[in-house]
1. Scan region 24-48 for residues that are surrounded by 11 or more Cβ atoms within 10 Å (Cβ to Cβ) and either more than 28 Å from Ser2 (Cα to Cα) or not aliphatic (A, V, I, L, M) (or both) and report the count.
2. May I ask you to list the residues in region 35-53 that are more than 9 Å from the ligand (Cβ to nearest atom), within 14 Å of Arg19 (Cβ to Cβ) and under 11 Å from the mean Cα position of the chain (by Cα)?
3. Considering region 22-46 alone, what residues qualify as being over 20 Å from His57 (Cβ atoms) and of a type in the set (Gly, Ala, Ser)?
Amino acid sequence: MSKRRVVVTECPGGPLLVRGADEVVGVDGTAAPVERAVVAVCRCGRSDRLPWCDDSHRDRRRKRSP
Ligand code: FES
């Protein structure tokens, strides 16, 4: 079995960008296949497409602004 490099990059206030993964496993143990070179994984829990980010985290940021 060959080693594969997976790179995870944090987007401040947003998702984790995951490069090189075959699948992402959610907290419930469900595996979601990765079909792109880079995927955005939700960290805020507001996405309607978990485990993927759907930009709902941006709504939260807007609500905090005056
Ligand atoms: S991080 Fe983008 S919707 Fe959760």
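1. As a first pass, look at region 24-48 and keep what is surrounded by 11 or more Cβ atoms within 10 Å (Cβ to Cβ): 24-26, 30-32, 34, 38-44, 46-47.
Of the ones still in play, those that are also either more than 28 Å from Ser2 (Cα to Cα) or not aliphatic (A, V, I, L, M) (or both) are 26, 30, 42-44, 46-47.
Residues flagged as surrounded by 11 or more Cβ atoms within 10 Å (Cβ to Cβ) and either more than 28 Å from Ser2 (Cα to Cα) or not aliphatic (A, V, I, L, M) (or both) within region 24-48 amount to 7.
2. Residues of region 35-53 that are more than 9 Å from the ligand (Cβ to nearest atom), as a first pass: 35-39, 51.
Then keep just the ones that are within 14 Å of Arg19 (Cβ to Cβ); that gives 35-39.
Val38, Val39, listed by residue number.
3. Of everything in region 22-46, those that are over 20 Å from His57 (Cβ atoms) and of a type in the set (Gly, Ala, Ser) turn out to be Gly29, Ala31, Ala37.
Each value in this text was obtained by applying a stated rule to the coordinates, not by laboratory testing. The model shown is predicted, which means the values in this text are computed figures rather than measured ones. Quick reminder, even Gly has a Cβ in these numbers, built from the backbone with ideal geometry, and neighbours come from all protein chains shown.
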